[in-house]
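What follows is a single structure, and I will ask about it in a moment.
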Amino acid sequence: MIIAIDQSTSATKALLFDDNCKLIKQVDVPHKQYYPKPGWVEHNAEEIFNNTLKAISELPLETIKGEVSVAITNQRETVVVWDRETGKPIYNAVVWQCLRGQEICDELKAKGYGAMVKEKSGLLIDPYFAGSGARWILDNVPGARKKAEEGRLCFGTIDSWLVFKLTGGKVHATDYTNASRTMLFNVHTLDWDDDLLEMLNIPRSMMPTPLPCDAVYGELSKELTTQLHLPEEVKIAGVLGDSHGALSGQMCFGEGYGKATYGTGSSVMVNIGERYAPAPDGLVTSVGFSALGKTFYAFEGNIHCTGATLNWLRDQLQLINGPQEVEEIATSIPDNGGVYFVPAFSGLGAPWWKGDAKAAISGMTLATTKAHVVRAALESIAYQVTDLIRTMTEKAGINLCEIRVDGGPTKNAFLMQMQSDLLQVPVVRSEVEDASAFGAVVMNRFALGAWKSFEEAESVWECLGKTMPKHSQEDMQDVYNGWKKAVSSLL
């Protein structure tokens, strides 16, 4: 049995898979979002850990027979800094959506660090990545800098935090994929880079040990196995960031295979093979995954708000009761009526990278209805994914024959059809809805020797549905031009 922990931006999931990698049960526990200042986003790391234990405890653990192990996938750039001895965070987790690092990043750009950061880490200087959040904590929490220099603090993305807590503080480690999203990791040497650490003034002693995705990270502490009524020995095997988990869970093991994850934000990632290549302007290169002794790189672009836009319609405007209503409302009108919604709530991500952009709804008239606004919000998801993929294909010469998709919004038939029409390729859904968690399970199987080849993993993947283009590129050009005009007004 495998317990996959999928720690996302809005909730912590625990998923129980049998030895044939079939999902038995899933438990979701949401956590609170904190917004102390405009543009700032925080999580309580202790709450996330406690929710992880709660989610695991609500699985049908009594059905477990034989060996059990834990795999982890997680929101990537969210950073925690904690006391090595007490295991307590010194500040809330700074979430990947948070813009507090903008001033730090602007200063680094002004000093000319951009080229070095891109060459060494594959990334752009942006508050989206974890390094600036950690620097802010060290600079602003009283006593933090001194403790860090004395070796008393730990840096970690959420995977590191969970591994540390689950092992009772015995293991401080991360995987290559999460590390490659910090702006502190050299993707060529697969280790922390002294120049990047010095640039952000972060002591190397804080950093976790980087490992391949398919490593065995440690064992759950005896205290936790007793508390959770698990077998005495439970290995933590298989760790990777959520978008990388989806790349693996969608079996994009070969060069040129790509996936799009529709979640709170969205990630589009294309496997570019075992050789590093600089990404086209507006995109980044990350470690796609590292398994079976091989490390694959990937081009990636990230969208800050996709599913989060629908949540905003529900929570802030109260235009909908839930995402399940969106398709019905959107299809109640024949078109968007010229209304475009650019959801730059946390700035614009790839390929625009304008951190100070603000969300906007344009093209409204007195004839605009709630349905037009809802439809425009839904359409914005497809437009943003199209922006990324067109940047990859046009600037990098990558030709996708299909895109594999996952995440809750993929159930929305209107969205999938529009995505296929805009991209002019089949949009393929697999039977595994939670591809990130399934990717962690794949790495778990590799780590424990259950699978010894990528082909063995591919044998369990099945296509659930395929959406083919219905409208031509010429038919879609006018609406896409309208989107580009709306985005241009914010640049």
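Going by a ≥ b ≥ c, the root eigenvalues of the Cα gyration tensor, does the stretch 44-148 fall in the rounded group (a/c under 1.5), the prolate group (a/b larger than b/c) or the oblate group?
Working: a/c = 2.97, a/b = 1.86, b/c = 1.59.
It comes out prolate by the Cα gyration axes.
Considering only protein heavy atoms and a probe of 1.4 Å, how much of the accessible area of the stretch 289-355 is carbon and sulfur, as a whole percent? Kindly include the intermediate steps, with their values, before the conclusion.
Numbers: 1150 of 2550 Å².
Heavy-atom surface of the stretch 289-355 belonging to carbon and sulfur, 1.4 Å probe: 45 percent.
Considering only DSSP beta bridges where both residues belong to the chain, give the percentage that are antiparallel (nearest 5). List each step's numbers first, then the result.
Details: 55 of 76 bridges.
Once the DSSP bridges in the chain are tallied, antiparallel ones form about 70 percent.
Here's a follow-up. In deg cm²/dmol and to the nearest 500, what is the mean residue ellipticity at 222 nm of the chain if only DSSP H runs of at least 4 residues count, each as -39500 (n - 2.57), divided by the residue total? Show your work: numbers first, answer last.
On the way: 17 runs with 166 residues, N = 491.
One gets -10000 deg cm²/dmol as the mean residue ellipticity at 222 nm.
Starting at 0 and stepping by 10 Å, how many percent of the alpha carbon pairs of the chain end up in each bin?
It works out to 4, 21, 32, 27, 13, 3, 0, in whole percents.
So how do ARG314, ARG181, ARG145 rank on accessible area, 1.4 Å probe, biggest first, that is with the largest at the start?
ARG314, ARG145, ARG181
Further, regarding this structure: How high is the FRET efficiency from LYS470 to LYS222, r the C-beta distance, R0 51 Å, rounded to 0.05? Numbers along the way, then the final one.
Details: r = 57 Å, r/R0 = 1.13.
So, using R0 = 51 Å, E works out to roughly 0.35.
Cα gyration tensor of the stretch 187-275, axes a ≥ b ≥ c as square roots of the eigenvalues: rounded (a/c below 1.5), prolate (a/b > b/c) or oblate? Can you show the working numbers first?
Numbers: a/c = 2.10, a/b = 1.19, b/c = 1.76.
Oblate, because a/c is 1.5 or more while a/b does not exceed b/c.
In whole percent, and with a 1.4 Å probe on the protein chains, what portion of the accessible area of the stretch 367-470 is carbon and sulfur? Before the final figure, lay out each step's value.
Working: 1850 of 3800 Å².
Carbon and sulfur: 49 percent of the exposed surface of the stretch 367-470.
Run the accessible area of the stretch 1-137 with a 1.4 Å probe and give the carbon-and-sulfur part as a rounded percent.
Values: 2650 of 5240 Å².
The computed percentage sits at 51.
Could you give the accessible area per residue of the chain, probe 1.4 Å, as a whole number in Å²? It would help to have the intermediate numbers written out before the result.
On the way: 18660 Å² over 491 residues.
Per-residue value: 38 Å².
Filter the trypsin sites (Lys or Arg not before Pro) in the stretch 89-120 down to the DSSP loop ones having no more than 15 other Cβ atoms within 10 Å, then list what survives.
Details: sites: ARG100, LYS109, LYS111, LYS118, LYS120; in loops: ARG100, LYS111.
Sparse-neighbourhood loop trypsin sites (Lys or Arg not before Pro): LYS111.
Next question, about the same structure. Compute the semi-axes of the equivalent ellipsoid of the stretch 122-280, taking the square root of 5 times each eigenvalue of the Cα gyration tensor, and list them largest first in whole Å. Provide the component values of the computation, followed by the final result.
On the way: eigenvalues 137, 119, 37 Å².
They are 26, 24, 14 Å, listed from largest to smallest.
Also, quick follow-up: For SER205 and LYS65 in one chain, what is 0.36 nm times their gap in residues minus the Cα-Cα distance, to one decimal in nm?
Numbers: separation 140, 0.36 × 140 = 50.40 nm, distance 4.04 nm.
Full extension from SER205 to LYS65 adds 46.4 nm.
Hey, with R₀ at 30 Å, roughly what FRET efficiency would GLN424 and SER453 work out to, going by the Cβ-Cβ distance, to 0.05? Please report the intermediate quantities before stating the final value.
On the way: r = 33 Å, r/R0 = 1.11.
For GLN424 and SER453, the calculated efficiency is 0.35.
Something else now. Which residues in the stretch 320-359 have a backbone N closer than 12 Å to a point placed 7 Å from the Cα of ARG390 along the Cα-to-Cβ line?
What the label zone holds, given the 12 Å backbone N cut-off, is 351.
Still on this structure, I have one more. Compute from the Cα atoms of the stretch 295-409 the Rg and the Dmax, the latter being the longest Cα-Cα distance, and quote both in angstrom.
15.4, 55
The values are calculated or read from the model by the stated rules, or taken from the named source; none is laboratory data. This structure is a prediction, so every number in the text was calculated from the model and none was measured. Cβ: placed from backbone, ideal geometry, glycine included. Neighbour counts: every protein chain shown. SASA here: full protein model, heavy atoms, side chains in, ligands and nucleic acids out. Shrake-Rupley method; radii C 1.70, N 1.55, O 1.52, S 1.80 Å.
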